[in-house]
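Asker: Starting off with a structure, shown below.
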Amino acid sequence: MTVAAHPATAPADSASPAELYAEIQQFYARQMQLLDDGEAEAWAETFAEDGVFAANAHPEPFTGRAAIAAGARKATDDFAARGIRRRHWLGMLVLEPKDEHTVFVRSYAQVLETPRAGQAVLRASTTCADLLVRRDGHWLVLDRRIHRDDLD
Amino acid sequence: MTVAAHPATAPADSASPAELYAEIQQFYARQMQLLDDGEAEAWAETFAEDGVFAANAHPEPFTGRAAIAAGARKATDDFAARGIRRRHWLGMLVLEPKDEHTVFVRSYAQVLETPRAGQAVLRASTTCADLLVRRDGHWLVLDRRIHRDDLD
Amino acid sequence: MTVAAHPATAPADSASPAELYAEIQQFYARQMQLLDDGEAEAWAETFAEDGVFAANAHPEPFTGRAAIAAGARKATDDFAARGIRRRHWLGMLVLEPKDEHTVFVRSYAQVLETPRAGQAVLRASTTCADLLVRRDGHWLVLDRRIHRDDLD
């Protein structure tokens, strides 16, 4: 095998680049399914206790898991009351491992919305810049910055 | 390496989580390309002989490969006659291996449609719940349940 | 483990199917992020010096890295002047390794466009047929053929 294309991604005692890629892509899949299924509190558990969620669509970042959960719960309840199903697609991941337990990931996200008995629409296109940390064997978001393409 | 985030995914004599992820993601890519290329019968071969395809958009499930092929052939011919190209994107896979030869996968799907000389549109957002089985070295769909987000 | 579903993808002295999949998917993620970030020249560096970029939306292919860079620079500047952010999603990859350093990949692509302060839209659905080569440890596009679904 060759890993020459990813010289920084395989410290000797760590996951291979392929293992890391599969772990992180599935971390995101689980995380987004939780949010879209309305499990706001379980979704917030995928952030570090001291995690930060910042977005150029929000005036202030959410800091700490409790604040992140409260923000997600409010949004989740609002969409449910309006009969709108959201789906967050996150893809085009570029991984930059920092050390064995820290990886920076820049990715794209699509937010799809489907009203009950209505037409699915692409609501927003964004980038997502995440600092992920592995604690007790679980990946968690330490810092997330969402940039919606329509906003400065 | 650590696989603590996927404790159930690596029985000692089986594929690693990364190998399984790459196999399944590519299984879906091949499967959807067959369908979108109009190869309805070859697409049906990716289901088990006794496979089931159920969808909340259909009054009854299709049961058995022959019925699945016939349903796909009819839809394929209808879209071709209307000059519409479909593309099925399946992503955000969450894998839950049941044993060495069985894996449950919950994923999202987008259905894109492009009319000849017209504008591509997002037709539908769905979830896909699949029970996949490995028989003679090939992954097959034993049970698929598609849930369109606009329908109950 | 079994690799029976990918009999051609694991020559003994080469990357495993999972390693190859992770490398190629991330190659595409980096490549598309460069283009969408306006780094037309850096994007062109992901093509072989003698690479070809053909599309059914273009009257003639771009041949050679300089021509590919010039074409991308022009498009990039045009979109920037119009205040439109593009995002290229490439997914549903089917890999067909030809030898240890050459792989054919057929995939799907979505082109999203978001005007400043405006609504994101799906601009086009395409297929992408790539011949990738590994030179000096880096994957490069030797030949790319883009087929937009709305055009013959």
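Asker: For the stretch A:42-89, name all the residues that are over 15 Å from the mean Cα position of the chain (by Cα), within 14 Å of chain B (Cβ to nearest Cβ) and within 21 Å of residue A:126 (Cα to Cα).
Answerer: A:79, A:84, A:85
Asker: Another question, then. Residue A:35: crowded, with 17+ Cβ neighbours inside 10 Å, closer than 25 Å to residue C:89 by Cβ and without any contact (Cβ under 8 Å) to a residue 60 or more places away in the chain, yes or no?
Answerer: Values: crowded, with 17+ Cβ neighbours inside 10 Å: yes; closer than 25 Å to residue C:89 by Cβ: yes; without any contact (Cβ under 8 Å) to a residue 60 or more places away in the chain: yes.
Considered against the rule, which asks whether it is crowded, with 17+ Cβ neighbours inside 10 Å, closer than 25 Å to residue C:89 by Cβ and without any contact (Cβ under 8 Å) to a residue 60 or more places away in the chain, residue A:35 comes out as yes.
Asker: State yes or no: is residue A:57 open to solvent by 20 Å² or more (accessible area, probe 1.4 Å), within 26 Å of residue B:150 (Cβ to Cβ), among the hydrophobic types (A, V, I, L, M, F, W, C) and in contact (Cβ under 8 Å) with a residue 60 or more places away in the chain? Steps first, please.
Answerer: Details: open to solvent by 20 Å² or more (accessible area, probe 1.4 Å): yes; within 26 Å of residue B:150 (Cβ to Cβ): yes; among the hydrophobic types (A, V, I, L, M, F, W, C): yes; in contact (Cβ under 8 Å) with a residue 60 or more places away in the chain: yes.
In short, yes.
Asker: Still on this structure, I have one more. So, residue B:142, is that one within 18 Å of the chain's Cα centre (by Cα) and within 14 Å of chain C (Cβ to nearest Cβ) or not?
Answerer: Answer is no for this residue.
Asker: If you check A:149, A:130, A:136, A:78, which single one turns out to be open to solvent by 20 Å² or more (accessible area, probe 1.4 Å) and on the phi < 0 side of the Ramachandran plot? Show your work before the answer.
Answerer: On the way: A:149 fails: open to solvent by 20 Å² or more (accessible area, probe 1.4 Å); A:130 fails: open to solvent by 20 Å² or more (accessible area, probe 1.4 Å); A:136 fails: on the phi < 0 side of the Ramachandran plot.
Exactly one of A:149, A:130, A:136, A:78 is open to solvent by 20 Å² or more (accessible area, probe 1.4 Å) and on the phi < 0 side of the Ramachandran plot, namely A:78.
Asker: Let me ask something additional. When the residues of the stretch A:127-139 are narrowed to those that are in contact (Cβ under 8 Å) with a residue 60 or more places away in the chain and within 12 Å of the chain's Cα centre (by Cα), which ends up nearest to residue C:88 (Cα to Cα)? Even if it seems obvious, please write down each step before you answer.
Answerer: Keep residues of the stretch A:127-139 that are in contact (Cβ under 8 Å) with a residue 60 or more places away in the chain, which gives A:132-133, A:135, A:139.
Retained after the next criterion (residues that are within 12 Å of the chain's Cα centre (by Cα)): A:132, A:139.
Values: A:132: 24, A:139: 27 Å.
Applying the filter and picking the extreme gives A:132.
Asker: Kindly indicate whether residue A:143 is of a type outside the set (S, T, N, Q), open to solvent by less than 40 Å² (accessible area, probe 1.4 Å), touching a residue at least 12 places away in the same chain (Cβ under 8 Å) and in contact with a Lys or Arg (Cβ under 8 Å, 6 or more places away or on another chain).
Answerer: Numbers: of a type outside the set (S, T, N, Q): yes; open to solvent by less than 40 Å² (accessible area, probe 1.4 Å): yes; touching a residue at least 12 places away in the same chain (Cβ under 8 Å): yes; in contact with a Lys or Arg (Cβ under 8 Å, 6 or more places away or on another chain): no.
In short, no.
Asker: Another question, if that's okay. Does residue B:106 count as within 14 Å of chain C (Cβ to nearest Cβ) and in contact with a strand residue (DSSP E or B) (Cβ under 9 Å, 6 or more places away or on another chain)?
Answerer: Working: within 14 Å of chain C (Cβ to nearest Cβ): no; in contact with a strand residue (DSSP E or B) (Cβ under 9 Å, 6 or more places away or on another chain): yes.
Considered against the rule, which asks whether it is within 14 Å of chain C (Cβ to nearest Cβ) and in contact with a strand residue (DSSP E or B) (Cβ under 9 Å, 6 or more places away or on another chain), residue B:106 comes out as no.
Asker: Here is a list: A:103, A:52, A:94, A:141. Which entry is among the hydrophobic types (A, V, I, L, M, F, W, C) and touching a Gly at 6+ places or on another chain (Cβ under 7 Å)? Before the answer, list the steps.
Answerer: Working: A:103 fails: touching a Gly at 6+ places or on another chain (Cβ under 7 Å); A:52 fails: touching a Gly at 6+ places or on another chain (Cβ under 7 Å); A:94 fails: touching a Gly at 6+ places or on another chain (Cβ under 7 Å).
On inspection, the qualifying residue turns out to be A:141.
Asker: Can you name the residue in the stretch C:99-121 that is exposed (fewer than 14 other Cβ atoms within 10 Å of the Cβ) and free of Cβ contacts under 8 Å to residues at least 24 places away in the same chain and, of all such residues, is nearest to residue C:145 (Cα to Cα)?
Answerer: Among them, the one singled out is C:119.
Asker: Let me ask something else. Check residue B:95 against each of (1) of a type outside the set (Phe, Trp, Tyr); (2) over 14 Å from the mean Cα position of the chain (by Cα); (3) within 14 Å of chain C (Cβ to nearest Cβ) and name the one condition it does not meet.
Answerer: (2)
The values are calculated or read from the model by the stated rules, or taken from the named source; none is laboratory data. Quantities reported herein were computed from a predicted structural model and do not represent experimental measurements. Here Cβ is always computed from backbone atoms with ideal geometry, including for glycine, and neighbour counts include all displayed protein chains. Please note that ligands, DNA and RNA were not included when accessible areas were found on the heavy atoms of the full protein model with its side chains. Shrake-Rupley method; radii C 1.70, N 1.55, O 1.52, S 1.80 Å.
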